[in-house]
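So the structure is just underneath, and the comments pick up after that.
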Amino acid sequence: MLACKDMDTRVLVVSLGRVVADQVRVDATEAHAVLQHVWQRMQASRDTHGATMPLPPLDALGITPFGDFELREAACAGPRRRRRPHELAQELAGLLLRLLSSAATEMDRVPRTCLDAARRASALGPSPDTLGPIVTPDALFTAIEAFRPRDPSVALSGLYARWIRTTDSAHAAPWDARVTTGPAPVNRRIAGDVKASAAIPSAAAVADPRIDVFRSPEHCSQDRVPTRTRRPVAALLALLCVMLLGGVIVRQWTTRQPRDAAADRAMADGNVLPIGDNAGGPVAAGEPSATEVEIAPPPARIRALGVPLRARRLLDAGMTGRPPYSPSFDPHHNAILFHAGLERSALLQASIGSDGAVDGISTIRQDGARNYHAQVSPDGRRLAYDSDADGTRGVYIANRDGSSPKHVSGTGYASVPAWSPDGQSVAFARAEPGRPRVWNVWTVHVATGALRRHTAHRVGQAWGASWFPDGRQVAYSIEDRLVVRDLENGVARVYRTPVAGRLVRTPAVSPDGQRIVFQVYRAGAWVLDLRTGASRRLLADASAQEFAWSPDGRRVVYDSVRGGEWGIWILEMSLAP
């Protein structure tokens with residue numbers, strides 16, 4: 001069992017061997033999530049000679065209703081051995097095929113691209129004539145990149161829910177039952193013969209395979225990443241389901257997990273939460289009092305614009321070697337900054353010629369870590385980005401060429417940096433101590449290293465912190481709201497999502513401070529006119545995200561999986577009315 005600090009909740013851990021034996025369909029996004037976890041564990045087991053643990057059998061892999069991934073190490077404790085990259089790719093591809101073929105009667109629902117990639121790596125079947133074999137694990141993950149879930153835990157909770165719906169959940173699973181209320185257990189021991197009713201997550205929580213939230217440490221099993229899932233709704237549904245089954249009361253962990261009393265008192269008093277080690281420098285002693293005013297917008301417009309907008313693909317994996325993400329402008333070098341790939345991702349720049357096409361691509365930083373979200377400083381001399389180079393993702397500032405990086409965000413998870421217009425501060429999102437799925441907006445003073453907290457959200461993830469030209473306001477998203485907050489006095493204007501019930505994400509403020517481009521989850525790219533409060537849809541592309549304006553406000557770059565492959569696109573905003 002898992003003994004937790006709060007009330008015990010009995011949760012059935014089901015092995016993937018049982019899922020396959022029960023012929024439950026496994027979606028491509030769910031299979032990708034499993035592969036991702038397995039590959040991370042195999043890499044973590046690598047010794048100084050390059051030998052890794054054997055590929056775990058399906059019965060050694062387990063999932064919980066909350067999407068947690070479990071590995072029964074005793075079941076895969078065979079001798080380690082060194083294998084060539086193509087052998088590792090073949091093993092992972094074999095696992096992928098076993099998962100995708102779990103429900104043989106539903107093979108028509110498996111994406112052909114995913115099956116082809118598995119067969120190209122495993123040599124178990126024909127591949128398209130124009131595509132060569134896959135000989136490394138990285139190449140396999142690149143080939144199935146379009147199916148990577150925005151949050152692996154949500155994908156796995158969806159698989160668990162499907163297993164519950166399509167099988168008799170009362171029969172014994174290979175791992176029996178366990179007790180848990182969330183991802184922070186105090187102690188672990190295997191239950192003897194306890195049988196329990198299982199919490200059923202919301203079926204709507206399954207991730208859209210085309211959309212990714214941040215591509216940050218959600219890919220690291222040792223660094224649980226904050227996600228923007230609707231846990232309160234899922235918890236309510238789980239509670240109702242368990243009560244109907246006559247089982248156990250489920251306590252949802254995101255909003256009700258045990259909290260540090262000192263931290264809660266600090267939030268209630270409006271003070272900065274203690275940071276602990278604080279590698280980034282001293283913490284500002286107080287926080288401005290916050291006042292939020294919700295703006296009632298006019299009806300949103302979801303119709304064709306008077307002048308069609310032109311979006312064109314600027315970069316793709318064929319040009320960069322790996323899928324490109326998270327673009328930003330560097331006007332000093334007439335370049336677009338971005339990162340390529342998800343594992344061991346490099347920070348790159350694409351020089352733009354006078355014709356608007358890419359002239360050349362060069363590497364800024366490649367150190368084996370996962371480096372994301374590069375932004376050049378206003379004076380063009382420094383670079384801010386986030387990385388897991390020190391183990392936990394944090395914000396770094398380096399020279400423009402990527403040299404001499406310095407960790408500036410203190411202890412704990414932090415990401416998505418943004419330079420203030422005067423270049424003196426960097427805003428970023430930071431996870432709460434003990435509550436990794438809750439983010440708030442912080443800034444760091446570049447010269448002194450002083451950290452300051454600006455928001456005190458208890459639920460959700462503050463994403464974006466895009467600066468206004470006045471240097472005192474930022475825009476960020478939190479759940480289904482866009483927030484424009486004055487960092488000096490704490491006053492905030494709140495704009496609800498233009499599509500009821502949909503999250504808003506990745507906002508970017510225009511250079512003149514009059515518009516904000518943002519994504520509405522599964523509803524395309526939108527622009528909010530702050531002069532009128534009206535929102536208008538710009539693009540129907542549901543995967544368009546991570547926007548950045550050109551300094552003249554005429555263009556917006558973003559990443560998208562439009563066409564089935566992740567790439568960076570550029571949109572001519574000068575045509576938008």
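The values are calculated or read from the model by the stated rules, or taken from the named source; none is laboratory data. All figures in this text were calculated on a predicted structure; none of them were measured in a lab. Cβ placement follows ideal geometry from the backbone for every residue including glycine, while neighbour counts extend to all protein chains displayed. Note: areas computed on protein heavy atoms with side chains; ligands, DNA, RNA excluded. Shrake-Rupley method; radii C 1.70, N 1.55, O 1.52, S 1.80 Å.
Applying the criterion of being of a type in the set (Gly, Ala, Ser) and on the phi < 0 side of the Ramachandran plot to the residues of region 339-359, the residue that is most open to solvent (accessible area, probe 1.4 Å) is 354.
Among the residues of region 507-522, count how many are under 19 Å from the mean Cα position of the chain (by Cα) and part of a loop (DSSP other than H, G, I, E, B).
2
Checking residue 470 against (1) touching a residue at least 40 places away in the same chain (Cβ under 8 Å); (2) more than 23 Å from residue 382 (Cβ to Cβ); (3) in a loop (DSSP other than H, G, I, E, B): exactly one of these is not met. Which one? Result: residue 470 fails condition (2) only.
Please work out which residue is farthest from residue 409 (Cα to Cα), limiting yourself to region 451-467 and to residues that are among the hydrophobic types (A, V, I, L, M, F, W, C) and in a strand (DSSP E or B).
To start, the set of residues in region 451-467 that are among the hydrophobic types (A, V, I, L, M, F, W, C) comprises 451, 456, 459, 462-463, 465, 467.
Those still in the list that are in a strand (DSSP E or B) too: 451, 463, 465, 467.
Numbers: 451: 7, 463: 16, 465: 15, 467: 18 Å.
So the residue we want is 467.
Look through region 523-577, keep the residues that are of a type outside the set (Asp, Glu), under 26 Å from residue 147 (Cβ atoms) and assigned to a loop (DSSP other than H, G, I, E, B), and return whichever of them is most open to solvent (accessible area, probe 1.4 Å). Per the stated criteria, the residue is 540. Only a single criterion out of (1) modelled with pLDDT of 85 or more; (2) under 25 Å from residue 342 (Cβ atoms); (3) open to solvent by 30 Å² or more (accessible area, probe 1.4 Å); (4) of a type outside the set (Phe, Trp, Tyr) is not satisfied by residue 57, namely (2).
Conditions tested, residue by residue: (1) at pLDDT below 70; (2) among the aliphatic types (A, V, I, L, M).
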{"residue": "274", "(1), (2)": "yes, no"}
{"residue": "316", "(1), (2)": "no, no"}
{"residue": "357", "(1), (2)": "no, yes"}
{"residue": "365", "(1), (2)": "no, no"}
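Of the residues examined, residue 408 is one that is aliphatic (A, V, I, L, M) and at pLDDT 95 or above.
When only residues in region 454-469 that are modelled with pLDDT under 95 and surrounded by fewer than 23 Cβ atoms within 10 Å (Cβ to Cβ) count, which is nearest to the chain's Cα centre (by Cα)? The selected residue is 459. If you check residue 7 against the conditions, is it of a type in the set (A, V, I, L, M), in a loop (DSSP other than H, G, I, E, B) and either outside the structural domain of residue 344 (by the TED database) or at pLDDT below 85 (or both)? Yes: the conditions hold for residue 7.
All of 499, 509 fail the test of being out of contact with any Gly (no Cβ under 8 Å at 6 or more places or on another chain), surrounded by 17 or more Cβ atoms within 10 Å (Cβ to Cβ), modelled with pLDDT of 95 or more and on the phi < 0 side of the Ramachandran plot, apart from 509. Evaluated against (1) in a strand (DSSP E or B); (2) at pLDDT below 85, residue 65 falls short on exactly one condition, (1).
Test residue 392 against the criterion of being within 25 Å of residue 461 (Cβ to Cβ), open to solvent by 50 Å² or more (accessible area, probe 1.4 Å) and in contact with a Ser or Thr (Cβ under 9 Å, 6 or more places away or on another chain), and give yes or no.
yes
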